[in-house]
Amino acid sequence: MTGLTVLVDADACPVKEEVYRVALRHDVAVVIVANSYIRIPEHRLVSRQIVTDGFDAADDWIVEASGPASLVITADILLAQRALEKGARVLSPTGKPFTDASIGNAVAVRAIHADLRAGLGEGAPRGAPPFTKQDRSRFLGAMDTALVALKKAAGG
């Protein structure tokens, strides 16, 4: 992709409206990536990419499109790792940045949780904690900070 771009792993993303607001204020393109139709604002900087239902199809598309001029929004730790390897900045919907320094620990914790779920079966805790207003607020600030850093790195 050319220019700065926000790539959103959109199927379960709770902050799409916030992404539009912050990205458009910064005049940065947004690509909503999903395996089904998602309504997006009519704006020259906002587009959607619908991928197949294949396993990891959205992740694969995002990784292929990502690079040093990209900000990837995802809660998927393995996608975050792959995008970081391509040089992208990565932010979770709760505002937590994934970095080269933190991704190894995040992947390890994910593996431990997967093992616990497999061992505990029905009694295993499921999913992330509920999304809060504080998460939304933290995301807005973190995305703004990430876009400012991307623009600075791009010389703009």
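The values are calculated or read from the model by the stated rules, or taken from the named source; none is laboratory data. As the structure is a prediction and not an experimental result, all values here were calculated from the model. Note that we place each Cβ from the backbone using ideal geometry, even for glycine, and neighbour counts take in every protein chain shown.
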Do the conditions hold for Ala58, that is, is it modelled with pLDDT under 95, aliphatic (A, V, I, L, M), assigned to a helix (DSSP H, G or I) and within 22 Å of Leu84 (Cα to Cα)? yes
Would you point out which residue out of Ala58, Ala29, Ala75 is out of contact with any Cys (no Cβ under 8 Å at 6 or more places or on another chain), in contact (Cβ under 8 Å) with a residue 40 or more places away in the chain and of a type in the set (A, V, I, L, M)? Ala58
Only one of Gly127, Gly95, Gly156, Gly119 that is modelled with pLDDT under 70 and within 22 Å of Ala34 (Cβ to Cβ): Gly127
Test each condition in (1) surrounded by 15 or more Cβ atoms within 10 Å (Cβ to Cβ); (2) of a type in the set (D, E, K, R); (3) assigned to a loop (DSSP other than H, G, I, E, B) for Arg48 and report the one that comes out false. (3)
When you check Gly87 against the structure, is it at positive phi, in contact (Cβ under 8 Å) with a residue 12 or more places away in the chain, buried (at least 18 other Cβ atoms within 10 Å of the Cβ) and outside any strand (DSSP E or B), yes or no? no
Take Leu24 and decide whether it is surrounded by 15 or more Cβ atoms within 10 Å (Cβ to Cβ), hydrophobic (A, V, I, L, M, F, W, C) and in a helix (DSSP H, G or I). yes
Given the options Val72, Val33, name the one that is farther than 22 Å from Ala154 by Cα, surrounded by 19 or more Cβ atoms within 10 Å (Cβ to Cβ) and either small (Gly, Ala, Ser) or touching a Lys or Arg at 6+ places or on another chain (Cβ under 8 Å) (or both). Val33
Can you name the number of the only condition in (1) more than 18 Å from Glu18 (Cβ to Cβ); (2) at pLDDT 95 or above; (3) of a type in the set (A, V, I, L, M, F, W, C) that Leu147 fails? (1)
